[in-house]
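What follows is a set of notes on a single structure, which appears directly below.
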Amino acid sequence: MAEPLIVDNDRTPSPRFLVVDRRVPEPIRQLLEEADGCLNMSFTVGGTACVRRAIRKAFEIECVEDDDFSASLVALGQKHPSVAPTLFQVMDLLGSGDEPLQGDALKALIATFKGVLYEIYVLGEERLESLAYLSDLLSALDRDSTPAKAAKTRGSSTVKSRG
C-alpha cells in the first residue's frame with residue numbers, strides 16, 4: 001500500500017508562484033487576497049466565490065470573456081499556449097459551477113489559478129524582457145564581424161584567389 005505524501009509546510013518554502021506578483025492586475029490580486037483570507041478562516045463559501053470572481057476578472061482583462069466558463073478557459077489557453085493545458089483543466093473542473101468547494105479543493109483551485117497567473121504575467125513578461133534584451137544585443141552586432149559571416153567571407157576569398 002502506498003504511503004500518503006506528507007508535506008511539512010513549516011520547513012518547506014512556498015513555491016514562488018503562490019505569492020501573487022505585482023505584475024498581476026490589481027483587481028485580480030485583490031480578489032485572490034480575499035480568497036486566501038477566506039480559506040485561512042475556513043470560509044469556503046466566500047473563498048470559492050472570490051476565486052471564481054478573480055478567474056472571471058482575468059477573463060475580462062484578457063478579453064476572453066464568454067458566458068460559458070469552459071469556453072473562456074479554452075480561449076485563455078489558446079491565447080497563452082505556453083501555459084500547461086492541465087492547469088486549465090483543473091480550473092475547469094474546480095472553478096465551474098455554483099457550489100462552494102471543500103477546503104482542499106478550494107486550496108487547489110487558488111494554487112492552480114496562481115500558477116496560471118504566474119505563467120501569464122510573470123514568466124511571460126520575463127520571456128518578453130529576455131527576448132527584447134537579446135534582440136537589442138543582436139541588432140547592435142556588426143553583421144560583418146559575426147563568426148559565421150567572417151568564415152563565409154574567408155572561404156569565398158580563398159576560392160576566388162585559387163580560381
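Just so it is clear, none of the values below were taken in a lab; they were calculated from the coordinates. A quick note: this is a predicted structure, and the numbers were derived from the prediction, not measured. FYI the Cβ positions are ideal-geometry reconstructions off the backbone, even for glycines, and counts take in every protein chain you see.
Listed values, structure above:
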{"quantity": "Vicinal HN-Hα couplings computed from phi for segment 17-26 (Karplus, 6.51 cos²θ - 1.76 cosθ + 1.60; Hz; Gly/Pro x)", "calculated": "5, 6, 8, 5, 5, 5, 6, 6, x, 3"}
{"quantity": "Full-extension gain in nm, Ser42 to Arg23, via 0.36 nm per residue minus C-alpha separation", "calculated": "4.0 nm"}
{"quantity": "³J(HN,Hα), Karplus 6.51/-1.76/1.60, whole Hz, each residue of segment 69-86, x for Gly, Pro", "calculated": "4, 4, 5, 5, 5, 4, 5, 5, x, 5, 6, 10, x, 6, 7, 4, x, 4"}
{"quantity": "Relative contact order for segment 16-127, counting Cα pairs under 8 Å that sit 6 or more residues apart, in percent", "calculated": "35"}
{"quantity": "Dipole magnitude of segment 13-140, debye to nearest 20 (Cβ charges: Lys/Arg +1, Asp/Glu -1, about Cα centre)", "calculated": "300"}
{"quantity": "Relative exposure of Ile120, Ile55, Ile61, judged by other C-beta atoms within 10 Å (fewest first)", "calculated": "Ile61, Ile120, Ile55"}
